[in-house]
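The values are calculated or read from the model by the stated rules, or taken from the named source; none is laboratory data. Because the structure is a prediction, the values reported are computed rather than measured. Cβ coordinates were reconstructed from backbone atoms using ideal geometry, including for glycine residues, and neighbour counts include every protein chain displayed. When the accessible area is computed, the model is the full protein with side chains, heavy atoms only, and any ligands, DNA or RNA have been set aside. Shrake-Rupley method; radii C 1.70, N 1.55, O 1.52, S 1.80 Å.
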Amino acid sequence: MQSQKHTIGKAEVQRAADLLAAYRRGKQALDRRILEDERWYRLRHGAAVRPGEPAPASAWLLNSLLGKHGDIMDNYPAPDVLPREPGDAQDAKTLSRILPVLLERSDFEEIYSRNAYPKLRHGTACYGVFWDPEAEDGMGDIRVTAVDLLNLFWEPGVRDIQDSRNLFLVTQCDNDLLDAAYPALRGKLRAPVDSPLQRLHEDALDRAGKSQVVDWYYKKRRPDGRVAVHFCKFVGTTVLYATENEQMFQESGLYDHGQYPFVLDVLFPVEDSPAGFGYVDLMKGTQGYIDQLDSIILNNARLAGRPRWFYRDACGVNEQEFADFTRDFVHVTGRLDPDDLRQIETQPLPAFIANHLQSKVEELKETSGNRDFAQGSTNSGVTAASAIAALQEAGSKLSRDLIKGSYRAFTRVCTLIIELIRQFYDDSRAVRITGEDGRPMFVTLGGLARGDRRAAFDIEVRAQKASPFSQMSRNEQAKELYRLGFFRPDLASQALIALEMMDFDGIETVKKRVAAQAGMLSAAQAPDSQRRGARQGGPLTAAEQQIPRAGEKEEA
């Protein structure tokens, strides 16, 4: 059998390596900012006003990040898949049940929590949505991971990574593992890690015996006009795998959806980059001033707490005994005059310095939206729990906007998962889900096509885990509707009119229940002729004959 001619070889990989070097240079400013934000996040930013003075690193900035992270996890997302065509309703319903299972297999809640921190720190988190052919005992399955932004490189100047002509993901791997995975290339895999920018690691890392492995994604136009995403894995100038060298992927590319398998979740966007900036960039200036003022106050307290003395030579005082605060007696030779030993007085700091420190703390709270109400405390005389909860909700606009941005990224993640299901799942793939009765059941989903038409879906994201205040608010709303008589059958028509003007979670279910109660009341008040017609003209029972007609009085 004649061997296939390889499209991707040493020359193509060398050009890709040159592109990667150019992309690295274009991303250096962002990488430096990410590493700087990491120092502030890990409280390693402390710097004294002068050498030898205290260098505090207070955690006001970190506390604000933790509060935002708590808001994000209080509203952990869950997908609802909606069909665009009536014939796709069943597939949409099945996908709504399958997606949470696939996300749980990838431990997505942990990934979502972990990615919330880089989004808050430096403004960008990255998800990877891949097809893992080795998962499920070789059957393959979808894998969602968190991607370190320092390892991802795109074309400088693009605003969306999907607009980049090439995309590189750089990782490190031990040479012996690479030799075991690719025995034909043993002895050729040598590409030392050359990135000048590295994170601050708790452990001392030894990069000897490791190679830099590059995942190269690039887009090409298919013969039918669609865009194909191709993939090449290489070390140095050695090709480990390339889709263009495989017969089954030469035209279609790695993924049929034609998108890079990465999703960026951006906090504060900028115009000329797919990455944004985060709360550390917003708050580290104020945090730096807080630490400097704190250092001044601590240094003044240190000087006042351990007094210093003017000491005249030959005054006869034993210096060692005088400096030892554990001694009850200090020996003096000769006569001790008051001018021979005089304390150096430390003047207290002006009050405006402490006041300015407090004003900077309040500035940081206001800038980050992490006010006292957000943490359940108050210093404004408000003590009622309901009032504090209302202030929390009113002051959480920044958190709600932050969460909506994460939901948009989650929607794109779910879209990529659906596309991978469309491409790789077949009718024999069964997934265990929880049925409506709470019992486990198995469903199959493959094809997602209706003849020549590709089934299309929309994704609506809701909060799977609502915050305690949201739950309390919904409970109070239900009790208020009950007090107003919304659930009385005789007021159903008025209640439905009012509900049409309202909007809250679960309103459609409430409308159905109110309408059902109205129907039951109408059936109960229907005259005998209507009830007889409902029974398809059958004779009245003895019990029905004893029921008085509407408008008639029962005779004694």
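General remarks:
- In the assembled protein chains, K93 presents an accessible area of approximately 100 Å² (probe radius 1.4 Å).
- Solvent exposure of segment 92-132 as accessible area per residue, Å², 1.4 Å probe: 32
- Accessible surface computed residue by residue for segment 274-325, with neighbouring protein chains in place and a 1.4 Å probe, gives 56 Å² per residue.
- Residues in segment 72-87 carry Karplus couplings, in order, of 5, 6, 5, 10, 4, x, 9, x, 10, 8, 10, x, 9, 10, x, x Hz; the curve used is 6.51 cos²θ - 1.76 cosθ + 1.60 with θ = phi - 60°, and Gly or Pro positions show x.
- By average C-beta atoms within 10 angstrom, highest first, the peptides 55-64, 482-491: 55-64, 482-491
- For segment 479-492, putting each phi into the Karplus relation 6.51 cos²θ - 1.76 cosθ + 1.60 with θ = phi - 60° gives couplings of 5, 5, 4, 5, 5, 7, x, 5, 9, 7, x, 6, 10, 5 Hz, in residue order, rounded to whole numbers and with x for Gly and Pro.
- Using the Cβ-Cβ distance between T509 and Q14 with R0 set to 45 Å, the FRET efficiency works out to roughly 0.15.
- Taking 0.36 nm per residue of sequence separation and removing the Cα-Cα distance, the D324/L521 pair yields an extension gain of 61.6 nm.
- Tensor-based shape of segment 285-337 (alpha-carbon gyration tensor, a/c under 1.5 rounded, otherwise prolate or oblate): prolate
- Accessible heavy-atom area order of M73, M248, highest first, probe of 1.4 Å: M248, M73
- Spin-label pair T171/R342, simplified geometry with 7 Å Cα→Cβ offset, distance in nm: 7.3
- Taking amide hydrogens as placed 1.01 Å from N in the peptide plane, the amide H of A135 sits under 5 Å from those of G140, D141, each at least 5 positions away in sequence or on another chain.
- Ordering of 404-413, 516-525 by packing is 404-413, 516-525, highest average first (other Cβ atoms within 10 Å, averaged per residue).
- Where segment 474-530 is the region considered: accessible area per residue in Å², 1.4 Å probe: 72
- Computed 3J(HN,Hα) for segment 145-162, one whole-Hz value per residue from the Karplus formula 6.51 cos²θ - 1.76 cosθ + 1.60 where θ = phi - 60°, is 10, 8, 10, 6, 5, 5, 9, 10, 9, 10, 5, x, x, 7, 9, 10, 5, 5, glycine and proline marked x.
- Spin-label model, E362/A29: points 7 Å from Cα along the beta carbon direction are separated by 3.6 nm.
- With the simple model of a label 7 Å out from the Cα in the direction of the Cβ, R159 to D206 spans 4.9 nm.
- Taking a ≥ b ≥ c as the square roots of the Cα gyration tensor eigenvalues, segment 65-138 comes out oblate, since a/c reaches at least 1.5 and a/b does not exceed b/c.
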